[in-house]
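The values are calculated or read from the model by the stated rules, or taken from the named source; none is laboratory data. All figures in this text were calculated on a predicted structure; none of them were measured in a lab. Quick reminder, even Gly has a Cβ in these numbers, built from the backbone with ideal geometry, and neighbours come from all protein chains shown. When the accessible area is computed, the model is the full protein with side chains, heavy atoms only, and any ligands, DNA or RNA have been set aside. Shrake-Rupley method; radii C 1.70, N 1.55, O 1.52, S 1.80 Å.
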Amino acid sequence: MKRLIFSSFLLLATVSGIKAQVFKVGALAGVAITDVAGTDQIDFDNDFYKFGFTGGLFVNTTLTPKSSLQLEIAYTQRGSQQPPDTLHQNAYFTLIMNYVDISVIWKRQLHLGINKKQTDKWGFEAGATFGTLVYSYYTAQSIEYSISGLSSFEINALVGLYYNFSPKFYFSGTYSNSVIPVFSRNGGLGLYALNYGAWNAGSNLAFQLTFGYAFNGHAESTDNSSTPPPPAPSGGN
């Protein structure tokens, strides 16, 4: 895993210095609002009480005049949480799972009409994330427990929208769901078993809100603005 992370950051540095005219390189940071399906033993739903942070680097390259492909490397805090009630007598818990994520995202610029004005600042994105677990921690009713059956990696599918504030600065909002459970569906989480009624019990769920800034070029792979050609010289007397 260390070799993979080192190689990925080496790739980012290389394309930044050598391919500056082809690749757009930048940094991203934001928050992750997460849950793990099936861990809530109070009302058996997904409450998304767990907040974490994400941050990393990205490389973006043009595919077509309106689409691009983006590689991201980020550290992301995920997990699940149920806060205690006023008497601290409910099944409250905190599950922390932090990952190093490598994401491949396809981005497609959208042409929209908003308030009778046309804009190209919005876009759609979809992709996949491969995450490697680097830290985990679990407490139930303020007592720490070991986690059984926890996977060391995960694969997420994600979809979302982005908005370009400027040629270099953008905002992205995505939803992701792991396609394989992060721990065994027939296992347990500390004192509590999973809610087996959940179709994706044991899967990571996350809403992620991220700001990105491109160091070179543009945050969007393409700039559709055009400058009209200068008028042809006219003869004079």
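Name the single residue, out of those in the stretch 1-49 being assigned to a strand (DSSP E or B) and among the aliphatic types (A, V, I, L, M), that is modelled with the lowest pLDDT.
Quick first cut of the stretch 1-49, residues assigned to a strand (DSSP E or B) only: 23-36.
Okay, now just the ones that are also among the aliphatic types (A, V, I, L, M), so 25, 27-29, 31-33, 36.
Working: V25: 93, A27: 97, L28: 97, A29: 98, V31: 98, A32: 97, I33: 96, V36: 89.
Result: V36.
Restricting attention to the stretch 78-107, report how many residues are closer than 17 Å to T39 by Cβ and in contact (Cβ under 8 Å) with a residue 60 or more places away in the chain.
Adding up the residues that qualify gives 5.
Matching residues to (1) of a type in the set (D, E, K, R); (2) modelled with pLDDT under 95; (3) open to solvent by 20 Å² or more (accessible area, probe 1.4 Å):
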{"position": "G127", "(1), (2), (3)": "no, no, yes"}
{"position": "Y138", "(1), (2), (3)": "no, yes, no"}
{"position": "S151", "(1), (2), (3)": "no, yes, yes"}
{"position": "A157", "(1), (2), (3)": "no, no, yes"}
{"position": "F165", "(1), (2), (3)": "no, yes, yes"}
{"position": "S176", "(1), (2), (3)": "no, no, no"}
{"position": "W199", "(1), (2), (3)": "no, yes, yes"}
{"position": "E220", "(1), (2), (3)": "yes, yes, no"}
{"position": "N237", "(1), (2), (3)": "no, yes, yes"}
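Filter the stretch 91-125 down to residues that are hydrophobic (A, V, I, L, M, F, W, C) and outside any strand (DSSP E or B) and give me whichever is modelled with the highest pLDDT. Step through it out loud before you land on a result.
Going residue by residue through the stretch 91-125, those that are hydrophobic (A, V, I, L, M, F, W, C) are 91, 93, 95-97, 100, 102, 104-106, 110, 112, 114, 122, 124.
So of that shortlist, the ones also outside any strand (DSSP E or B) come out as 91, 110.
On the way: A91: 76, L110: 89.
Filtering the stretch 91-125 for residues that are hydrophobic (A, V, I, L, M, F, W, C) and outside any strand (DSSP E or B), the one modelled with the highest pLDDT comes out as L110.
For Q81, indicate whether it is of a type outside the set (F, W, Y), open to solvent by 50 Å² or more (accessible area, probe 1.4 Å), modelled with pLDDT of 75 or more and in a strand (DSSP E or B). Outline the logic, then answer.
Details: of a type outside the set (F, W, Y): yes; open to solvent by 50 Å² or more (accessible area, probe 1.4 Å): yes; modelled with pLDDT of 75 or more: yes; in a strand (DSSP E or B): yes.
Spelling it out, Q81 is indeed of a type outside the set (F, W, Y), open to solvent by 50 Å² or more (accessible area, probe 1.4 Å), modelled with pLDDT of 75 or more and in a strand (DSSP E or B).
I need every pair where a residue in the stretch 168-179 that is more than 15 Å from Q109 (Cα to Cα) has its Cβ under 9 Å from the Cβ of a residue that is open to solvent by 60 Å² or more (accessible area, probe 1.4 Å) and of a type in the set (V, I, T), sequence separation at least 6 or different chains.
Hits for this filter: T174/V159; Y175/V159; S176/V159; S178/I155; V179/I155.
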